[in-house]
């Protein structure tokens, strides 16, 4: 390991830790949000469906950095609450990834054969039960690869949090570089860490998909 | 109440936009009766039986199942459907669940049976359709005929008063048709009330009490099966039979 990395290792590890916790929170909450929004869009709940559509289209048409500025500066100003850069980043990532995940969930839900829904209804299950026991489990299994694609993208996106002052891995690296000025070594090392984290997550996704794929 | 037929359909009309699919269909199915519904494709057979358990709506007329109005505003459709099983052309087993769970699901969530009781019942039914060794298999690992027999077990698991079959053998290879018809014949012999949309005229002749012949959204003929096959009354039925029995 290069000296400059070794010397700053505790600080960089703190950065990595922030990157990981940012990612875990954002993935967990973003997936929950995406599942709810995607389901609302799928069953076309009145009013909520329109709200969900506006949300998804708004996020898909807005740069991630702008979303973070909104959750860090605009929303607290608008609603008069205090936030930290870390929390604003999590909120921004959740909103951002939630919109894309919602579309993935929705396409998975729509891919379930309508006649399978009829079969569930024919046994006396209610619409809600059919959704919960028959449609959603298949949809989720089917979209696992897309979900993990989004998760991997998100991990790389978390580097943007450094702009609003979260010293996650990229932010920490930039600070170290400002003091040591060895950009090639430092940035290359950081890139390798992202690569490893993303590959591990990809592999986990593939393993899950192999285990739970729906065979028809 | 007890002498009302299990299913009573009166003057049923249904259309998709301007296309009339059912034009005034009326028929009864008595308890323990096996009725085969046949007719050229597009004649409205599948639509008719999907109206019986409310999977398809209709514009006018009425359907009563065990005295309950299917189209009624306050009718609890899930409750009614639990009393009328249905078997589909393409089996429609839940692909993410084992065979056993396919049969147990509605027992647990509709009839509120405990999971062990539901599984026990599922095993009994699998034995009855000759698939006890497939309890833990996934649907994708079964042949079409086996999948359809599981689908029949799934319908039976709710102890229905009647079962609707929507072309249960049309998607099967010829050598698998027999195993499914075998199970259906046994059910009929046990006194199950059945409405069967099918082109299997051999089954209709041997097992059905009555044959309902449909064409262009109308019930053209409704006769005891022997009478229907030996002396069809309408020209349309004669033509249909000559086509379907020709080969």
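Values in this text are rule-based calculations from the coordinates and carry no lab data. Since the structure is predicted, the reported quantities are computational estimates derived from the model, not experimental observations. Glycine also receives a Cβ, built like all others from the backbone with ideal geometry; neighbour counts cover every protein chain displayed.
Computed from Cα positions, the angle between helix B:144-156 and the longest principal axis of chain B comes to roughly 90 degrees. Please report the spacing between the Cα centers of the range A:136-166 and the range B:140-170 in Å, no decimals. Here the two parts' Cα centres lie 41 Å apart.
Modelled spin labels at residue A:204 and residue B:62, positioned 7 Å past Cα toward Cβ, are 6.1 nm from each other. Report the residue, chosen from B:215, B:173, B:159, that carries the largest GNM mean-square fluctuation when chain B is represented by alpha-carbon nodes joined by springs under 10 Å. It is B:173. How many angstrom separate the Cα center of the range B:195-247 from the Cα center of the range A:14-77? Between the Cα centres of the range B:195-247 and the range A:14-77 lies a distance of 59 Å.
Scattering from the protein assembly as shown was approximated by placing one identical point on each alpha carbon and applying the Debye formula without solvent; log10 I(q)/I(0) at 0.11, 0.13, 0.14 1/Å stands at -0.91, -1.12, -1.24.
Taking springs between alpha-carbon atoms closer than 10 angstrom, which of A:21, A:39, A:31 fluctuates most in the Gaussian network model of chain A? Fluctuation is largest for A:21. Roughly what angle does helix B:235-246 make with the longest principal axis of chain B, taking Cα atoms, 0 to 90 degrees, to the nearest 10? Once rounded, one gets 50 degrees. In chain B, Cα pairs under 8 Å separated by at least six residues give a relative contact order of 26 percent. Using the Cβ-Cβ distance between residue A:196 and residue B:141 with R0 = 60 Å, the FRET efficiency computed as 1/(1 + (r/R0)^6) comes to roughly 0.95. Based on Cα contacts under 8 Å between residues 6+ apart, the range B:125-247 shows a relative contact order of 18 percent. Computed over the range A:3-212, the alpha-carbon pair-distance distribution with 10 angstrom bins reads 8, 28, 30, 20, 10, 3, 1, each value a whole percent. Adding -39500 (n - 2.57) for every DSSP H run of four residues or longer, then dividing by how many residues chain B holds, sets the calculated 222 nm ellipticity at -11000 deg cm²/dmol. Comparing B:218, B:33, B:92 in a Gaussian network model of chain B (Cα springs below 10 Å), the most mobile by mean-square fluctuation is B:92.
Taking 7 Å steps out from each Cα toward its Cβ at residue A:6 and residue B:189 produces label points 8.5 nm apart.
Against chain A, whose longest principal axis is taken from its Cα atoms, helix A:183-212 shows a tilt of about 20°.
Using a Förster distance of 60 Å, how high is the FRET efficiency between residue B:124 and residue A:66, based on the Cβ-Cβ distance and rounded to 0.05? Efficiency at R0 = 60 Å is approximately 0.45.
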